[in-house]
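**Student:** Dropping a structure here in structure tokens format, bear with me for questions.
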Amino acid sequence: DIQTNIPDSLQRSDLNLPELSEVETIRHYTNLSRSNFGVDNGFYPLGSCTMKYNPRINEVVARLPEFNIHPLSKNHKGALQIIYELEKYLCEITGMHAFSTQPAAGAHGELTGTMIMKAYFGKRGEERTTFIIPDSAHGTNPSSVSLCGFRPVQVKSSSSGGIDLDDLRQKMNTGVAGIMITNPNTLGIFDENILEITKIVHALGGLCYLDGANMNPMLGIVKPADFGIDVMHLNLHKTFSTPHGGGGPGAGTVGVIKELEPFLPTPRVNEKLEFEQSEESIGRIHSFYGNFGILLRAYSYIRAIGAAGLRNVAENAVLNANYMKEKLKKHYHLRYDRICQHEFVIDDSLMPNNVTTNDIAKRLIDFGFHPPTIYFPLIIQGAMMIEPTETEAKENLDAFIETMIRIVDEAKDDPQKLTKAPLNAPIGRLDLVGAARNPQLTWCSRET
């Protein structure tokens with residue numbers, strides 16, 4: 001017997017551990033991995049998330065031993081050069097004057113950008129307490145400005161899917177710090193009034209923030225600075241092909257115009273590949289210098305495809321989305337029937353036999369497709385936001401389209417297939433209401 005200092009009352013006599021061979025263990029975890037769905041093994045049309053293929057060259061670069069360095073090491077000039085050059089590339093792509101790579105995600109970038117705006121107005125001695133947010137915005141937008149101490153004020157959408165200019169003029173005043181706009185918005189629509197929108201906000205001293213989650217269709221075509229954006233973030237884990245499944249890691253790099261550069265997070269990397277500080281900076285917002293592995297992957301992506309490749313990304317993303325939209329609008333309701341950008345939104349209002357968006361999403365699993373974003377944006381009831389990205393072949397788009405049409409036919413002839421779906425997945429239809437009201441937050445074996 002092994003002698004320990006643990007009291008007998010606290011010792012377990014029977015641990016009931018499974019006795020498994022190595023091959024049984026390997027098969028168990030391999031089968032579990034096959035149950036996980038990712039962009040590598042199927043179509044992932046998750047709207048506003050740009051779940052594009054992650055080129056393997058990015059992974060090769062990120063695993064180079066030269067970049068396997070401790071962040072406190074003094075031998076990191078190469079890493080600093082990557083950060084410095086990446087910031088310059090992002091400036092060229094967006095028209096911004098300067099970037100910070102510290103923020104770790106889109107919402108983190110939003111908060112950082114809002115903090116920069118608050119510091120800017122603080123230096124000017126202006127007390128601005130509100131922030132304008134479109135009703136089609138990502139949910140993180142009002143949360144980010146609220147965390148920074150501003151009160152979000154909602155502006156409604158127009159009949160064409162953009163911002164209602166009359167409503168914006170009514171709500172814009174000298175107490176508004178700015179507007180946080182997504183363009184193209186979550187409907188996949190590029191706002192044709194974007195120049196007027198930024199003009200209205202600037203006229204009363206406000207700043208314009210761009211939620212850059214939907215930058216994919218604008219690469220090499222339009223620069224946000226050209227339509228009046230003062231602050232923005234880019235999701236490198238969306239637009240620039242770095243992986244972002246499983247909750248991270250990500251990168252929500254923040255860009256600003258020249259007037260706002262002093263307020264960027266510090267330390268910053270200068271042209272001498274040295275760190276520099278700014279007395280007006282909002283300070284450090286991430287340990288060390290951001291998620292370097294993600295920055296490295298994005299850098300590799302930009303260098304690999306170049307300026308022409310980035311524009312090709314945007315053009316094909318828009319082409320794929322419009323192709324799918326035109327095919328599906330004959331079978332699903334499309335509220336805003338106009339040219340879209342990278343994504344589009346249909347809904348379940350035409351579905352027979354009370355079949356819902358949730359039923360459609362669950363049935364898609366049976367056919368090997370990840371469901372699109374559902375029930376968002378909130379301004380469209382029963383919404384399905386579909387973003388094919390540029391990396392899907394026409395054959396994959398056609399297969400998804402045919403499946404969506406088949407689901408409509410099933411809704412007419414055999415709706416139970418939908419209301420009980422998924423039928424072929426490892427786990428069937430879950431009791432979502434029961435899970436929400438009676439969550440099981442810890443695992444217990446069946447024996448206990």
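Rule-based calculations on the coordinates, nothing more; no lab input. Since we're looking at a predicted model, the values are computed, not measured. Cβ sites come from the backbone with ideal geometry, for glycine too, and all protein chains shown count toward neighbours.
**Student:** List the lysines whose alpha-carbon lies under 17 Å from that of K88, not counting same-chain residues fewer than 8 positions away?
**Tutor:** The qualifying lysines are K77, K223, K258, K272.
**Student:** Just need the relative contact order of the chain here, percent rounded to a whole number, with Cα pairs under 8 Å and 6+ apart. Write out the running numbers ahead of the final one.
**Tutor:** On the way: 794 pairs, mean separation 85.1, N = 448.
The value is 19 percent.
**Student:** Still on this model: Put +1 on the Cβ of every Lys and Arg and -1 on every Asp and Glu Cβ in the chain; which of G228, T442, P415 then has its Cα farthest towards the positive end of the dipole?
**Tutor:** G228
**Student:** Then there's this: Take the eigenvalues of the Cα gyration tensor for the chain, scale each by 5, and report the square roots as semi-axes in whole Å, largest first.
**Tutor:** Taking √(5λ) for each Cα gyration eigenvalue gives 37, 33, 23 Å.
**Student:** With runs of 4+ DSSP H residues as the only contributors, calculate the mean residue ellipticity of the chain at 222 nm using -39,500 (n - 2.57) per run, divided by the residue total and rounded to the nearest 500.
**Tutor:** On the way: 12 runs with 160 residues, N = 448.
Mean residue ellipticity at 222 nm (helix-derived): -11500 deg cm²/dmol.
**Student:** List the lysines whose alpha-carbon lies under 21 Å from that of K412, not counting same-chain residues fewer than 8 positions away?
**Tutor:** Cα-Cα hits under 21 Å: K327, K329, K330, K362, K420.
**Student:** Something else: Looking at the range 16-101, which trypsin sites (Lys or Arg not before Pro) are DSSP coil and have at most 14 other C-beta atoms within 10 Å of their C-beta? Numbers along the way, then the final one.
**Tutor:** Working: sites: R27, R34, K52, R56, R63, K74, K77, K88; in loops: K52, R63, K74.
Sites meeting the loop and neighbour criteria: R63, K74.
**Student:** Given Cα pairs under 8 Å that are at least 6 residues apart, what percent is the relative contact order of the range 1-106?
**Tutor:** Numbers: 23 pairs, mean separation 10.2, N = 106.
Taking the mean separation of contacting Cα pairs over the length of the range 1-106, I get 10 percent.
**Student:** Using per-residue counts of other Cβ atoms within 10 Å, averaged over each peptide, order 405-413, 423-431 from highest down.
**Tutor:** Sorting 405-413, 423-431 by mean packing, highest first, produces 405-413, 423-431.
**Student:** For G428, what charge total do you get from the other residues with a beta carbon under 10 Å from its beta carbon, if Lys and Arg give +1 and Asp and Glu give -1?
**Tutor:** Details: positive: K362, K420, R429; negative: none.
Cβ neighbours under 10 Å give a net charge of +3.
**Student:** Another question, if that's okay. May I ask you to list, by number, the DSSP H helices of the chain whose Cα span along the axis is at least 24 Å and whose average Kyte-Doolittle hydropathy reaches -1.0 or more? Provide the component values of the computation, followed by the final result.
**Tutor:** Numbers: long enough: 77-94 (26 Å, 0.21); 106-124 (27 Å, -0.25); 292-328 (40 Å, 0.27); 394-413 (28 Å, -0.39).
Qualifying helices: 77-94, 106-124, 292-328, 394-413.
**Student:** Right, another one. Return a whole-number percent for the relative contact order of the range 360-408, with Cα pairs under 8 Å and 6 or more residues apart as the contact set.
**Tutor:** On the way: 35 pairs, mean separation 14.6, N = 49.
The normalised contact order for the range 360-408 reaches 30 percent.
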